[in-house]
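Below is one structure, written out as C-alpha cells, with a few remarks after it.
FYI, it's all coordinate maths here, none of it is from the lab. Since the structure is predicted, the reported quantities are computational estimates derived from the model, not experimental observations. Glycine gets a Cβ as well: all are built from the backbone with ideal geometry, and neighbour counts include every protein chain shown.
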Amino acid sequence: MSIILSIIYLIATVTFVVGLKKLGHPDTAKNGNLISATGMGLAIVGTIFIHDLEIPTIIYVLIGIAILIGSIIGCLIAIKVEMTKMPELVSLFNGFGGASAALIGIVEFSKNIDDSLQSTTIISGIVIGAITFSGSLIAWGKLNGSLKSVVKIPQYNIVNNLFFIGIVIFAGYIIATGINNQVLLYALLIGGLIYGILFVLPIGGADMPVVISLLNSLTGIAAAITGVLYNNMVMLVGGILVGSAGIILTVAMCKAMNRTLGSVIFGSF
C-alpha cells in the first residue's frame, strides 16, 4: 500500500469518527452525515485509482458503471422517500450491505481454503451477511405492510436456536475439514438466509427498530470481517464503528423496553 493511499485511509477514518460524533445531536447530524459520506467517497476513489494491482481498463469501466448506477438509484430513492418511511429505507440498504459481505465471502473462499484463520473469517462473513440480508428484507416487508406483523412458528424459540446451533456446527465442519466444496458453501449460505427469516418473522412490526439496529450492527461486523480479509483499514474501522454503535443503540433500546439483549436474540418479543 502506497503512503498516499495510507494517508487517504487515515483521513477517511477520521471523517467516520467525526461524522459519527456529530450524528449524536439533531443540529449537527446533517453535517455529520455529509462529512462521513465525503470520507467514504475519498476512500473509494483512493482504493480504485491508488493501489499496487495491475487491473485491465475494462474493470475500471465496469466499476465506474456500477458506481454510477448505484449512485443514481440511491439518490432517487433517498430523495423520494418520506421521513416516516426512513426506517424501511435503512433496513433495505442495511440488507444490501450484508449481501455484499456474503458475496465477497463466496468469491474469496476457494482462494483461502488452505488458511484456517482466513477460512474462519470468510465463513463468518458469509453467515453474518446472509442473516443480515434476509432478516433486513423481512423487517422491510413488515414495516411497509407487505408482510404480516407477526408470524408465529410452533415452538419457534427452540426451532430458531437449534437451527442457529446447526449453522455454527456446519460452518465449523467446513473450516475443520478444509474441503473446497461449493455445494457445502452454498448450503451454508442458504442456511444463513433461512435463519435470518426465522429470526425476524415472529417479531412484531412495532419492535422492528430494535431488530433493524441489531441487524445494522451485524452488517458492520461483516464489513469489519471483510476489512480483515483484505487488510483494508477503512473497511475495518468503518465496520467496527457501525458494529459497536449498533450494539450500543440496540442495548439502549432494549433497556428502554426493560429487556436484555440475550432475550432479544434467543427469546421472543
### Query
In whole angstrom, how far apart do the alpha carbon centroids of the stretch 36-64 and the stretch 134-201 sit?
33 Å
### Query
If the cut-off is 17 Å between C-alpha atoms, which lysines fall inside it for K30, apart from same-chain ones fewer than 8 positions away?
K21, K22
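For the stretch 84-269, what is the charge dipole size about the Cα centre, in debye to the nearest 20, if Lys and Arg each add +1 at the Cβ and Asp and Glu each add -1 at the Cβ?
Roughly 540 debye for the stretch 84-269.
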### Task
State whether the chain is rounded, prolate or oblate according to the following rule on the C-alpha gyration tensor (a ≥ b ≥ c being the square roots of its eigenvalues): a/c under 1.5 gives rounded; otherwise a/b larger than b/c gives prolate, and the remaining case gives oblate.
oblate
### Query
For the chain, modelled as a Gaussian network with Cα springs under 10 Å, which listed residue fluctuates most, A78, A130, A99?
A78
### Summary
From DSSP H assignment alone, runs of 4+ in the chain each adding -39500 (n - 2.57), the sum over residues rounded to the nearest 500 puts [θ] at 222 nm at -27500 deg cm²/dmol
### Query
If we count other beta carbons within 10 Å of each Cβ, what is the order of V237, V242, fewest first?
V237, V242
### Task
Pick out which of L117, L215, L143 has the largest mean-square fluctuation in a Gaussian network model of the chain, springs linking Cα atoms closer than 10 Å.
L117
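Rounded, prolate or oblate: pick one for the stretch 1-80, where a ≥ b ≥ c are the square roots of the eigenvalues of its C-alpha gyration tensor, a/c under 1.5 means rounded, and failing that, prolate if a/b is larger than b/c, else oblate.
It is oblate, given that a/c is not under 1.5 and a/b is not larger than b/c.
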### Task
Run down the aspartates and glutamates and flag those whose C-alpha is under 12 Å from the C-alpha of K142, throwing out any fewer than 8 positions away in its chain.
E88, D207
### Query
Under a straight-distance cross-link criterion of Cα-Cα below 20 Å, which lysines are reachable from K148, leaving out those fewer than 8 residues away in the same chain?
K85
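Could you give the DSSP H helices of the chain that reach 24 angstrom or more along their long axis (alpha carbon positions) and whose average Kyte-Doolittle hydropathy is no lower than 1.0? Write out the running numbers ahead of the final one.
Numbers: long enough: 3-22 (29 Å, 1.97); 26-49 (35 Å, 0.62); 57-80 (35 Å, 2.45); 86-109 (35 Å, 1.22); 116-143 (40 Å, 1.18); 156-177 (31 Å, 1.66); 182-200 (27 Å, 2.21); 208-230 (33 Å, 1.67); 233-256 (34 Å, 2.01).
Membrane-span-like by this criterion, though nothing is claimed about a membrane: 3-22, 57-80, 86-109, 116-143, 156-177, 182-200, 208-230, 233-256.
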### Query
Going by how many other beta carbons lie within 10 Å of each one, how would you line up D27, D115, fewest first?
D27, D115
### Task
Would you work out which of P56, G243, P154 lies farthest towards the positive end of the dipole of the chain? Charges go on Cβ: Lys and Arg +1, Asp and Glu -1.
P154
### Query
What ranking of C75, C254 emerges when the number of other C-beta atoms within 10 Å of each C-beta is taken as an exposure proxy, fewest first?
C75, C254
